[in-house]
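**Q** Got a structure here, written out as C-alpha coordinates. Questions coming.
The values are calculated or read from the model by the stated rules, or taken from the named source; none is laboratory data. Here the structure is a predicted model, which is why all the values come from computation and not from measurement. With ideal geometry, Cβ positions are generated from the backbone for all residues, glycine too; neighbour counts draw on all protein chains shown.
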Amino acid sequence: MPCLNISTNVSLESVDTSAVLSETTKAVAKIIGKPESYVMVVLKGSIPISFGGTQQAAAYGELVSIGGLNPDVNKKLSAEISTILESKLSVPKSRFFLKFYDSKASHCCFFSAAPYESLVVLGFSLIAVFLFVRPIKHKNMLSVCMLCISNRVQTSGGMVQLSKA
(Lines give C-alpha, C1' and ligand atoms only; values in the text may rest on other atoms or scores of the structure.)
Protein backbone atom coordinates (compact mmCIF):
# COMPACT_ATOMS: atom_id res chain seq x y z
CA MET A 1 0.00 0.00 0.00
CA PRO A 2 2.00 3.01 -1.20
CA CYS A 3 1.47 6.20 0.77
CA LEU A 4 2.64 9.56 -0.56
CA ASN A 5 2.78 12.45 1.93
CA ILE A 6 3.31 15.88 0.40
CA SER A 7 3.82 19.05 2.43
CA THR A 8 4.03 22.44 0.77
CA ASN A 9 4.19 26.07 1.83
CA VAL A 10 1.67 26.91 -0.92
CA SER A 11 -1.86 27.74 0.25
CA LEU A 12 -4.36 25.16 -1.03
CA GLU A 13 -7.41 27.43 -0.69
CA SER A 14 -7.65 28.23 -4.40
CA VAL A 15 -6.23 24.90 -5.61
CA ASP A 16 -8.26 22.03 -7.03
CA THR A 17 -6.89 19.51 -4.54
CA SER A 18 -9.04 16.73 -6.04
CA ALA A 19 -7.08 17.02 -9.29
CA VAL A 20 -3.74 16.95 -7.46
CA LEU A 21 -4.77 13.90 -5.42
CA SER A 22 -6.20 12.10 -8.44
CA GLU A 23 -3.20 12.73 -10.70
CA THR A 24 -0.63 11.79 -8.06
CA THR A 25 -2.59 8.64 -7.16
CA LYS A 26 -2.66 7.56 -10.82
CA ALA A 27 1.04 8.34 -11.29
CA VAL A 28 2.13 6.39 -8.20
CA ALA A 29 -0.05 3.39 -9.07
CA LYS A 30 1.09 3.29 -12.70
CA ILE A 31 4.81 3.73 -12.04
CA ILE A 32 5.04 1.39 -9.03
CA GLY A 33 2.69 -1.13 -10.63
CA LYS A 34 0.09 -1.35 -7.87
CA PRO A 35 -3.68 -0.80 -8.09
CA GLU A 36 -4.96 2.73 -7.48
CA SER A 37 -7.16 1.32 -4.72
CA TYR A 38 -3.98 0.62 -2.69
CA VAL A 39 -2.49 4.12 -3.05
CA MET A 40 -2.93 6.80 -0.40
CA VAL A 41 -1.97 10.44 -0.98
CA VAL A 42 -1.88 13.06 1.78
CA LEU A 43 -1.54 16.71 0.76
CA LYS A 44 -0.84 19.40 3.37
CA GLY A 45 -0.64 23.07 2.44
CA SER A 46 0.40 26.31 4.14
CA ILE A 47 3.19 24.48 5.99
CA PRO A 48 6.12 26.77 6.87
CA ILE A 49 9.00 25.56 4.67
CA SER A 50 12.36 27.13 3.99
CA PHE A 51 14.32 25.58 1.13
CA GLY A 52 17.68 26.93 0.01
CA GLY A 53 17.37 29.78 2.48
CA THR A 54 14.12 31.16 1.00
CA GLN A 55 10.44 30.63 1.65
CA GLN A 56 9.42 30.69 -2.00
CA ALA A 57 7.04 27.95 -3.17
CA ALA A 58 8.51 24.57 -2.22
CA ALA A 59 7.35 21.07 -1.37
CA TYR A 60 8.64 18.03 0.48
CA GLY A 61 7.34 14.51 -0.05
CA GLU A 62 7.80 11.07 1.43
CA LEU A 63 6.70 7.93 -0.36
CA VAL A 64 6.43 4.68 1.59
CA SER A 65 5.80 1.47 -0.31
CA ILE A 66 5.97 -2.24 0.35
CA GLY A 67 8.17 -3.16 -2.57
CA GLY A 68 7.99 -1.68 -6.04
CA LEU A 69 10.73 0.89 -5.46
CA ASN A 70 14.17 0.93 -7.07
CA PRO A 71 16.43 3.70 -8.48
CA ASP A 72 14.73 3.74 -11.90
CA VAL A 73 11.21 3.79 -10.43
CA ASN A 74 12.23 6.49 -7.95
CA LYS A 75 13.50 8.73 -10.78
CA LYS A 76 10.26 8.27 -12.73
CA LEU A 77 8.15 8.97 -9.65
CA SER A 78 10.15 12.08 -8.76
CA ALA A 79 9.88 13.42 -12.31
CA GLU A 80 6.14 12.74 -12.61
CA ILE A 81 5.17 14.07 -9.17
CA SER A 82 7.32 17.20 -9.58
CA THR A 83 5.60 17.85 -12.93
CA ILE A 84 2.17 17.57 -11.26
CA LEU A 85 3.20 19.90 -8.41
CA GLU A 86 4.65 22.42 -10.85
CA SER A 87 1.50 22.49 -12.98
CA LYS A 88 -1.08 22.37 -10.14
CA LEU A 89 0.67 24.21 -7.28
CA SER A 90 3.30 26.30 -9.12
CA VAL A 91 6.11 24.64 -7.17
CA PRO A 92 9.23 24.67 -9.36
CA LYS A 93 10.75 21.23 -9.94
CA SER A 94 14.00 22.51 -8.44
CA ARG A 95 12.20 23.24 -5.14
CA PHE A 96 10.69 19.80 -4.58
CA PHE A 97 12.40 17.05 -2.58
CA LEU A 98 11.04 13.48 -2.43
CA LYS A 99 12.27 10.82 -0.02
CA PHE A 100 11.58 7.11 -0.63
CA TYR A 101 11.05 4.34 1.93
CA ASP A 102 10.88 0.71 0.79
CA SER A 103 9.16 -0.86 3.78
CA LYS A 104 8.63 -4.46 4.84
CA ALA A 105 5.06 -5.76 5.00
CA SER A 106 5.54 -6.56 8.69
CA HIS A 107 6.12 -2.84 9.36
CA CYS A 108 2.69 -1.83 8.06
CA CYS A 109 -0.87 -2.35 9.26
CA PHE A 110 -4.01 -2.32 7.15
CA PHE A 111 -7.71 -2.71 8.08
CA SER A 112 -6.98 -1.71 11.71
CA ALA A 113 -5.24 -4.99 12.52
CA ALA A 114 -1.63 -5.89 13.06
CA PRO A 115 -0.18 -7.83 10.12
CA TYR A 116 -1.17 -11.48 10.05
CA GLU A 117 -3.13 -11.05 13.32
CA SER A 118 -6.39 -12.10 11.72
CA LEU A 119 -4.92 -15.24 10.18
CA VAL A 120 -3.31 -16.25 13.48
CA VAL A 121 -6.62 -15.88 15.34
CA LEU A 122 -8.40 -17.79 12.57
CA GLY A 123 -5.86 -20.61 12.98
CA PHE A 124 -6.48 -20.74 16.74
CA SER A 125 -10.24 -20.77 16.11
CA LEU A 126 -9.91 -23.78 13.83
CA ILE A 127 -7.73 -25.61 16.37
CA ALA A 128 -10.31 -24.91 19.10
CA VAL A 129 -13.09 -26.27 16.89
CA PHE A 130 -11.18 -29.50 16.24
CA LEU A 131 -10.29 -29.95 19.93
CA PHE A 132 -13.68 -29.23 21.45
CA VAL A 133 -16.03 -30.58 18.79
CA ARG A 134 -14.33 -33.95 18.28
CA PRO A 135 -17.36 -36.11 19.11
CA ILE A 136 -19.22 -34.82 16.05
CA LYS A 137 -19.06 -37.15 13.06
CA HIS A 138 -16.44 -36.26 10.47
CA LYS A 139 -18.95 -35.34 7.72
CA ASN A 140 -20.46 -32.64 9.99
CA MET A 141 -17.07 -31.19 11.00
CA LEU A 142 -16.81 -29.03 7.89
CA SER A 143 -20.26 -27.55 8.54
CA VAL A 144 -19.34 -26.71 12.14
CA CYS A 145 -16.05 -25.12 11.05
CA MET A 146 -17.72 -23.08 8.34
CA LEU A 147 -20.41 -21.91 10.78
CA CYS A 148 -17.76 -20.91 13.31
CA ILE A 149 -15.72 -19.09 10.68
CA SER A 150 -18.68 -17.29 9.12
CA ASN A 151 -19.82 -16.05 12.54
CA ARG A 152 -16.36 -14.84 13.63
CA VAL A 153 -14.55 -13.79 10.48
CA GLN A 154 -15.25 -11.26 7.74
CA THR A 155 -13.37 -10.74 4.53
CA SER A 156 -12.80 -7.31 3.11
CA GLY A 157 -10.70 -6.45 0.07
CA GLY A 158 -9.10 -9.88 0.11
CA MET A 159 -8.01 -9.49 3.77
CA VAL A 160 -9.35 -11.69 6.56
CA GLN A 161 -10.47 -9.82 9.66
CA LEU A 162 -12.21 -10.86 12.85
CA SER A 163 -15.64 -9.43 13.51
CA LYS A 164 -16.05 -7.47 16.73
CA ALA A 165 -19.02 -9.56 17.83
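**Q** Please state which of the following conditions SER7 fails to meet, knowing it meets all the rest: (1) in a strand (DSSP E or B); (2) in contact with a Gly (Cβ under 9 Å, 6 or more places away or on another chain); (3) in contact (Cβ under 8 Å) with a residue 60 or more places away in the chain.
**A** Of the numbered conditions (1) in a strand (DSSP E or B); (2) in contact with a Gly (Cβ under 9 Å, 6 or more places away or on another chain); (3) in contact (Cβ under 8 Å) with a residue 60 or more places away in the chain, the odd one out for SER7 is (3).
**Q** Picking from ALA27, ALA19, which residue would you name as being assigned by TED's automatic domain parsing to the domain that holds ASP72, touching an Asp or Glu at 6+ places or on another chain (Cβ under 7 Å), at pLDDT 95 or above and not polar (S, T, N, Q)?
**A** Being assigned by TED's automatic domain parsing to the domain that holds ASP72, touching an Asp or Glu at 6+ places or on another chain (Cβ under 7 Å), at pLDDT 95 or above and not polar (S, T, N, Q) holds for just one of ALA27, ALA19, which is ALA27.
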